[in-house]
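Participant: I have a structure here, written as structure tokens, and I will follow up with some questions on it.
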Amino acid sequence: MTGGLRDLSPILAVVLFFQFVVLRQPLDNILQLLTGVLFVLLGLTFFIYGLEQGLFPIGESMAHAFARKGSLSWLLVFAFALGFGTTVAEPALIAVAKEAAKVAAEGNMIESTDSAMESYANGLRLTVALSVGLAIVLGVIRILKGWPIHYLIIFGYIVVVIMTIFAPKEIIGIAYDSGGVTTSTITVPLVTALGVGLASSIKGRNPMVDGFGLIAFASLTPMIFVMAYGMVIR
């Protein structure tokens, strides 16, 4: 609880400063606001505790188990399934996909029907999930081979820049946002734990150097795949 309050205090300080010093207006519904802050504090506290007690140990233990098993094919299948599954369940992606479908319907890119908007949102979510799954596979291969991450990231962003030139302008912003929303509450803990656990289990790999970087791939590939998705549906 104390740690959550410490993490939340900068946000509260900013809001209160601008409310009372800049806007110089009293807060409405103080009881409701305090209740909301309490719920946020409790949620943040339980979320961090859950990560420490559940998701991080699960990711690391499974990475160690696959490394001991020595089966590359099953490790890659697990990496893809982990990236795909966590991304499909990502709340931020679900929200962005629904909003993108609504805006696309208002802009006459798709039909203004529930089925068309649902199809567009699901297609967007599955495209992003597929890209993250492949990104985690690529990241795992990088850890196994010891490839330097910066060359792969530089090449990936070169592809992003080139595709931005040819992609429909309506999809570019969504593609860029998709790269950010995939790295959120569900995906990050499990994927990070997988990378660190795998690098710790392989002889000659440094967890600090090789264990991190999977999230960078998970942020990069959705931009490429969503712009490709936009080109296809156009």
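Participant: Does the stretch 201-210 include one or more residues that are touching a Lys or Arg at 6+ places or on another chain (Cβ under 8 Å), on the phi > 0 side of the Ramachandran plot and outside any helix (DSSP H, G or I)?
Facilitator: There is no residue in the stretch 201-210 that is touching a Lys or Arg at 6+ places or on another chain (Cβ under 8 Å), on the phi > 0 side of the Ramachandran plot and outside any helix (DSSP H, G or I).
Participant: Right, Gly173: loosely packed, with under 14 Cβ neighbours inside 10 Å, of a type in the set (Gly, Ala, Ser) and free of Cβ contacts under 8 Å to residues at least 40 places away in the same chain or not?
Facilitator: Yes: the conditions hold for Gly173.
Participant: Hey, another quick one. In the stretch 2-13, how many are free of Cβ contacts under 8 Å to residues at least 12 places away in the same chain and either touching a helix residue (DSSP H, G or I) at 6+ places or on another chain (Cβ under 8 Å) or open to solvent by less than 80 Å² (accessible area, probe 1.4 Å) (or both)?
Facilitator: Summing the residues that are free of Cβ contacts under 8 Å to residues at least 12 places away in the same chain and either touching a helix residue (DSSP H, G or I) at 6+ places or on another chain (Cβ under 8 Å) or open to solvent by less than 80 Å² (accessible area, probe 1.4 Å) (or both) in the stretch 2-13 gives 3.
Participant: In the stretch 112-119, is there at least one residue being crowded, with 17+ Cβ neighbours inside 10 Å and in contact (Cβ under 8 Å) with a residue 24 or more places away in the chain?
Facilitator: No, that holds for no residue.
Participant: Given the condition within 24 Å of Ala121 (Cα to Cα) and open to solvent by less than 40 Å² (accessible area, probe 1.4 Å), answer yes or no: does some residue in the stretch 192-212 qualify?
Facilitator: No, the stretch 192-212 contains no residue that is within 24 Å of Ala121 (Cα to Cα) and open to solvent by less than 40 Å² (accessible area, probe 1.4 Å).
The values are calculated or read from the model by the stated rules, or taken from the named source; none is laboratory data. Since the structure is predicted, the reported quantities are computational estimates derived from the model, not experimental observations. As a convention, Cβ positions derive from the backbone with ideal geometry for all residues, glycine included, and neighbour counts pool all protein chains shown. Side chains are part of the model used for accessible areas, which takes the heavy atoms of the whole protein and leaves out ligands, DNA and RNA. Shrake-Rupley method; radii C 1.70, N 1.55, O 1.52, S 1.80 Å.
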